[in-house]
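The values are calculated or read from the model by the stated rules, or taken from the named source; none is laboratory data. Note that the structure is a prediction, hence the values are computed from the model and not measured. Please note: Cβ atoms are built from the backbone with ideal geometry, for glycine as well, and neighbour counts cover all protein chains shown.
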Amino acid sequence: MRVGVRELRNNLSRYLERVRAGDEVVVTDYGREIARLVPLANGGRKPSTFDRLVAEGLVTPPMKVRRPLPARGIPVSEAVSPLVSEQRR
């Protein structure tokens, strides 16, 4: 989509919504293209170090999702305070 400077200035929010939706807006001044508004890659999010290393081929992401460790509960037979006091002596 092409838009003049004055039109862009008067309706900037509307055109930014279009860019946010994935459209490209070319800004013209007296009919000549002077700028291009495009959505940011990754939604403007800065790539993490891990993402950068994967992109450079230095790291290979895991092939399958790791299962969570089972919850291990510690049986409570007595209060902890006496045990801590005993350790401090």
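Could you say whether any residue in segment 9-26 is at pLDDT 95 or above and in contact with a helix residue (DSSP H, G or I) (Cβ under 7 Å, 6 or more places away or on another chain)? Yes, segment 9-26 contains a residue that is at pLDDT 95 or above and in contact with a helix residue (DSSP H, G or I) (Cβ under 7 Å, 6 or more places away or on another chain). With respect to the conditions (1) β-branched (Val, Ile, Thr); (2) closer than 30 Å to Tyr15 by Cα; (3) touching a Leu at 6+ places or on another chain (Cβ under 6 Å), Val38 lacks only one, and its number is (3).
Would you confirm whether or not segment 61-81 contains a residue that is surrounded by 10 or more Cβ atoms within 10 Å (Cβ to Cβ) and acidic (Asp, Glu)? Within segment 61-81, none of the residues are surrounded by 10 or more Cβ atoms within 10 Å (Cβ to Cβ) and acidic (Asp, Glu). Among the residues of segment 1-40, write down those that are surrounded by 13 or more Cβ atoms within 10 Å (Cβ to Cβ) and either of a type in the set (Phe, Trp, Tyr) or in contact (Cβ under 8 Å) with a residue 60 or more places away in the chain (or both). The one that is surrounded by 13 or more Cβ atoms within 10 Å (Cβ to Cβ) and either of a type in the set (Phe, Trp, Tyr) or in contact (Cβ under 8 Å) with a residue 60 or more places away in the chain (or both): Tyr15.
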